[in-house]
Structure formats: C-alpha cells, structure tokens
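These notes concern the structure reproduced below.
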Amino acid sequence: MLEVRGIDTFYDRSQVLFGMELEIREGEVVTLLGRNGMGKTTTIRSIMGLTRAAAGSIRFAGSEIRELPSYRIAQAGIGLVPEGRQIFPNLSVRENLVATAIPRDRAWTFERVVALFPRLAERLSNMGGQLSGGEQQMLAIGRALMTNPRLLILDEATEGLAPLIREEIWACLTQLKAQNQAILVIDKNLDALTRIADRHYVIEKGRVVWSGSSAQLLANPTVQHRYLGV
Amino acid sequence: MILFIEQILNGVQIGLLLFLLAAGLTLVFGIMDLVNLAHGSLYMMGAYFAAVLTKLTGSFFLGALLALPAALLLGIVVEVVALRSLYSRDHLDQVLATFGLILFFNEAAQLVFGVAGMTIPLPEALQGQIQIMPGLPYPTYRFVVVAVGLACALSLYWLVVRTRVGMLIRAGASNREMAGALGVNIARLYTLVFGLGAALAALAGLMAAPITTVRVGMGENILILAFVVIVIGGIGSVRGAFVAAFLVGLLDTVGRAFLPDILTLFINPIQAASLAQGLSSMLIYILMALVLVVRPAGLFPAPGR
Ligand SMILES: Nc1ncnc2c1ncn2[C@@H]1O[C@H](COP(=O)(O)OP(=O)(O)O)[C@@H](O)[C@H]1O
Ligand SMILES: [Mg+2]
C-alpha cells in the first residue's frame, strides 16, 4: 500500500535522509526504530509532504505522492498522529474531531471514536488546550481516525505519558490492528512494539540498516544493542 | 442629554463600520500573518462599485447588493495574483508590496472613475428621520447602517464559532501545517477568508458612501483606525475587533463632542477649545497605549500567536 523507495530529504542544505526505504502492506503494523535524531520523524514528514523529499519515489495506493501537497496526501488516505500531538488548543474536543473529518465508506464516525476513548466523552466541550497529555494524545489519535485513513501513522504516541495511559494506547492500537488497520508506528517501547507489530525497520543516520520480523528482532541482541541502545 | 444620546448613536454607527473593516483585517493578519495595507483600497473599491452600479441600475439597494459579490471577486483576484506569494515573506516586504497595491488602486480608480469623486444619492425610503424620543430625530439611513452592521457581526460570529468553515479557520490559525496534514486545503481557505474580508470592507465602504463622498484615498484614514482597532482587540480575534471597534467609535465621537465642555470646567474656554481639538484626535491612541500596557496582546488575544 505504501512504498518508499530511495528518498533523500534535506532541511535547507543539510541532508537527513539518504535513500530511505520502507514498505507497508494492507493490514500490516510496521515500526520505524532508531535512536533520536536518526530521521524517523523526517521520514514521516517526507511521506506526508510536510518536508518534501528531493529524490526517490513514494507510492501510496498505486500512485506517486512525493510531489503532492500534504492535504492531498491526507485526502488520499494517510492519517497522521504527529510528534508532539499538535491538537488544536483553541478548538473544543468535539471540534478537534469533526473539523477535519473525512467521511468515507470506512466506518469511523464521531460516535465510534468517542466510544473508543471514553475519557474524551466526558470532555467534549473542553478546549483541546485544557486536556492532560494523555487525553491530548487520545484526541490526536481520534482526530486522525476521523479522516478514515487507509494507513495510520503514529510518531512517538506514548512519549511522556504515564504507564497506565500508555497501556490504554497500546490496547487501542491492538484493537485497530484486529480490525485490519494498517499502521506505521514510531516508538521507544520495544516490548510493546514487538508484541503488536509485524515487521520493523531500524534506521541509522537516514538509512535503513536492518529490517525484519518481531521474532527476528527479539532474537538479535546485536541490532538491539547497536542501533537501539537497549 | 439629547445631544449625548445622539453622539452615542453616531459612535455606535462608526464603531460598526470600523468593525466591518477591522474584521477582515484581523482575520487576514491573524490567520495568514499578512499585513495588508491595501485593505482600505477594498473599502474604497466597494464604495466605487456601489456608486457605479447604483447609477447603472438606478437603485441603491441593487447597486449595493451587486457591489458585494464584485468586491468578493476582486478580493479573490488580489489574493491569488498579488498576495499569495507574500505569506512567506516578512512583514516589511508585505507592507511595501501592499503599499504598492494602494498606489495601484488609487491610480486605477482615478483613471476609471475620474478625479472628481462620486456621490450616492439615498433612495427616498432612507432619506427620512425617525423620532427616537421627543426632540430627538435621527436619520433613518444611519439606523439601517447600524442594523446591517449588527447583522453582519452576528453572522460572522456564527460563521466562525458554529460552522465547519469557522472551525477550519480557527484550526488553520493555530496550526496551519497540521491542518494541511489532516486534509485541509489551506490555500483555498485563505483565498476564501480574504474574499470574505474584502466583501466586508466593501460593505463598510459602500455604507459610508452616501454619508460622505466616494473619492480616491477615502480608505486610508479609516484604515489607520481599523489597525488601532485590531491592535486593541487582539490581532486575529473577531470578538476583540467587535469590542474594540465600539470602544474606538464611541471614544472618538464622544470625545470630539464633549471634551471642549469638560475641559472648560478646568481651564478657560479658548484654551479648552484648542486643547480639546488636539486631545480628542489623540484619545484613541491613548486608549491603545493604555490597553497595550495592561494587555500587551490586546483585549482578546487569539491563541496560536
Ligand atoms: N526543522 C529542522 N531543521 C533542520 N534540521 C532538522 C529539523 N528537524 C530535524 N532536523 C534534524 O534532522 C535530523 C533527524 O531528525 P528527526 O527526523 O526529527 O529524528 P528522529 O525523529 O529520528 O528523532 C536530526 O539531526 C535533526 O537535528
Ligand atoms: Mg522524532
């Protein structure tokens, strides 16, 4: 469904991605692993068209999206839960969910999203900025689901959250996977990731240095130690 | 007392006209981060459009009604052709470029509509006066201006607070990139907001036209007041613009009318008269300074700035 081939991405003159590769198939949960500053977020930004890749190819659902504006990429069916949550603080919880909703044949509606996150149900008329970190994270996930994405991308969705809330988020992702939702996850929590994900890409300085299944990753302490600092 | 009520009404009316002008200005400044000096030109063009269309159709109502979509269209063209490339530039570039637009519009208006200026005669129905209370007649037309202004303020409030477009406008104002990444075509939204602002400015211009005359440069003085309004109200806040427009309108009118009398209580009448003249034109700037001391971001600071 998503095929990233040989992309180079720059911030001004400094190159961050060097021929980055990535593939996600229908219904798969795939992770992007690597230490801080290795280019995970930049890969996501390139896919979303927020920082345009200068070379290479990004194909989604059969068409090239590398040069599309980001709103077209979102409309094509990629839902982003960005690093730092970035909910709209000046919109109410309800408005955060419905403002950018894209109804498609897929079934995410306001009611279903609120049912998925009962914590949000109690705070619908609160402003986004008044929510706790965990609630904001759930709102960011709910907001992305409301676009009924074919591929959901989460960048550090459990960063800075209390253990209990983290578990809620992992439970939510497990539920989404069971519904055959394709997901690309970036996270530090290897335990949870190896439980949920099908495949992993480990990146170092803007290129893939290892990829494989959860079982392969668990059986490979060298990769864990060398690239992930475990 | 009667004079006082009359001045208050005048203040309200000027406040509403200012609000119509300031609403577009504050949205464009607050959401697109664009300083648009040419907003006053849209006010002027609205008045010219209405004058010409009134002449053509023989009806002020029809002329005014047709002038609004014309101004909306003009706003959209200006945004797409001239302003779109300015969003990423700094404010100084924007000031220079939109100042250029003022010159362009002034020259163009002179060429097309002539140097003499135009007047819009009021239709019979609006020429009369309404007896508000014994001894206080007030022109019907000014009531209409107040009513239309209030109706616009309410509709705008409804648009921004209650509709999906309003949500997207607010979302785009607080995080443009994120709104885009969720599927919002920000460029189109900006064009729409700019067109809307242009139509509101034009409405203010064409409603002021029958009271004053339509002439080149008519937008410039009032633009300065509108900037004062959006700074007092908080840049980007429609509600702030509404409150501030009333404050400025009332303070300006009431100050000019009563300051001489008030000062006479303390100093001799001749000195009072000359001091009052200077002071009354400074009042709104004094208000602005005071507001900024207490609330540097204005009365209703918009989030995301
Ligand atoms: N906006 C930016 N401008 C310039 N350099 C950036 C910017 N964002 C990230 N970088 C640099 O790009 C590299 C990769 O960053 P990032 O993709 O955020 O890493 P990760 O998400 O893996 O932690 C880092 O060296 C970072 O300093
Ligand atoms: Mg990152």
Q: Return only the number of the condition from (1) buried (at least 24 other Cβ atoms within 10 Å of the Cβ); (2) over 16 Å from the mean Cα position of the chain (by Cα); (3) small (G, A, S) that B:G249 does not satisfy.
A: (2)
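Hey, among B:G205, B:G233, B:G217, B:G298, which residue is closer than 30 Å to B:M45 by Cα, touching a Lys or Arg at 6+ places or on another chain (Cβ under 8 Å) and away from chain A (no Cβ under 14 Å)? Step through it out loud before you land on a result.
Numbers: B:G205 fails: touching a Lys or Arg at 6+ places or on another chain (Cβ under 8 Å); B:G217 fails: touching a Lys or Arg at 6+ places or on another chain (Cβ under 8 Å); B:G298 fails: touching a Lys or Arg at 6+ places or on another chain (Cβ under 8 Å).
So the residue among B:G205, B:G233, B:G217, B:G298 that is closer than 30 Å to B:M45 by Cα, touching a Lys or Arg at 6+ places or on another chain (Cβ under 8 Å) and away from chain A (no Cβ under 14 Å) is B:G233.
For the stretch A:12-121, which helices (runs of 4 or more DSSP H) that fit wholly inside it have 1 or more residues that are away from ligand 2 (no atom under 16 Å from the Cβ) and surrounded by fewer than 21 Cβ atoms within 10 Å (Cβ to Cβ)? Explain how you work it out, then say what you get.
Numbers: elements: A:40-48, A:70-76, A:93-99, A:110-116, A:118-121.
Qualifying helices (runs of 4 or more DSSP H): A:70-76, A:93-99, A:110-116, A:118-121.
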Q. Out of curiosity, is A:G6 among the small types (G, A, S), more than 14 Å from ligand 2 (Cβ to nearest atom), buried (at least 18 other Cβ atoms within 10 Å of the Cβ) and not in a helix (DSSP H, G or I)?
A. no
Q | Among the residues listed as B:L263, B:L283, B:L299, the single one being surrounded by fewer than 22 Cβ atoms within 10 Å (Cβ to Cβ), more than 24 Å from B:Q13 (Cα to Cα) and touching a helix residue (DSSP H, G or I) at 6+ places or on another chain (Cβ under 8 Å) | A | B:L263
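Quick one: would you say A:I73 is closer than 14 Å to A:L151 by Cα, among the β-branched types (V, I, T) and touching a residue at least 40 places away in the same chain (Cβ under 8 Å)? Before you say what the answer is, go through the steps one by one.
Numbers: closer than 14 Å to A:L151 by Cα: yes; among the β-branched types (V, I, T): yes; touching a residue at least 40 places away in the same chain (Cβ under 8 Å): no.
Spelling it out, it is not the case that A:I73 is closer than 14 Å to A:L151 by Cα, among the β-branched types (V, I, T) and touching a residue at least 40 places away in the same chain (Cβ under 8 Å).
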(Q) So in the stretch A:195-230, with the set limited to residues that are assigned to a helix (DSSP H, G or I) and of a type in the set (K, R), which one is surrounded by the fewest Cβ atoms within 10 Å (Cβ to Cβ)? (A) A:R195
Q. Does B:F227 satisfy being away from every other protein chain (no Cβ under 14 Å) and either assigned to a loop (DSSP other than H, G, I, E, B) or in contact with an Asp or Glu (Cβ under 7 Å, 6 or more places away or on another chain) (or both)?
A. no
Q) Is it the case that A:E23 is more than 16 Å from ligand 1 (Cβ to nearest atom) and either in contact with a Cys (Cβ under 7 Å, 6 or more places away or on another chain) or at pLDDT below 95 (or both)? A) no
Q. Limited to the stretch A:151-194, what total is found for residues that are within 16 Å of ligand 2 (Cβ to nearest atom) and within 12 Å of the chain's Cα centre (by Cα)?
A. 10
Q | Whichever residue in the stretch B:53-77 is among the β-branched types (V, I, T) and in contact with a helix residue (DSSP H, G or I) (Cβ under 7 Å, 6 or more places away or on another chain) and, among such residues, is farthest from B:R176 (Cα to Cα) | A | B:T57
Q: Kindly indicate which of B:T163, B:T98 is of a type in the set (S, T, Y), surrounded by 14 or more Cβ atoms within 10 Å (Cβ to Cβ) and at pLDDT 90 or above.
A: B:T98
Q) Quick one: is A:A197 more than 16 Å from ligand 2 (Cβ to nearest atom) and away from chain B (no Cβ under 14 Å)? A) yes
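Report yes if A:N148 is within 15 Å of the chain's Cα centre (by Cα) and either surrounded by fewer than 21 Cβ atoms within 10 Å (Cβ to Cβ) or within 20 Å of A:A101 (Cα to Cα) (or both), otherwise no.
Yes.
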Q.
Just to be sure before I move on: is A:A192 more than 16 Å from ligand 1 (Cβ to nearest atom), of a type in the set (G, A, S), in a helix (DSSP H, G or I) and under 23 Å from B:A179 (Cβ atoms) in the structure I sent?
A. no
(Q) B:G240 - would you say it is in a helix (DSSP H, G or I), within 14 Å of chain A (Cβ to nearest Cβ) and either at pLDDT 90 or above or closer than 20 Å to B:L9 by Cβ (or both)? (A) yes
Q. Given (1) within 14 Å of chain B (Cβ to nearest Cβ); (2) of a type in the set (K, R); (3) not in a helix (DSSP H, G or I), where does A:R143 come up short, assuming only one miss?
A. (3)
Q: Looking only at the stretch A:70-85, decide whether some residue is more than 30 Å from A:S125 (Cβ to Cβ) and near ligand 1 (Cβ under 10 Å from one of its atoms).
A: no
Q) Among the listed residues A:E64, A:E111, which satisfies the condition of being without any contact (Cβ under 8 Å) to a residue 60 or more places away in the chain, over 25 Å from A:E167 (Cα atoms), more than 10 Å from chain B (Cβ to nearest Cβ) and of a type in the set (D, E, K, R)? A) A:E64
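The values are calculated or read from the model by the stated rules, or taken from the named source; none is laboratory data. Values in this document were obtained by computation on a predicted structure and should not be read as measured data. Cβ: placed from backbone, ideal geometry, glycine included. Neighbour counts: every protein chain shown.
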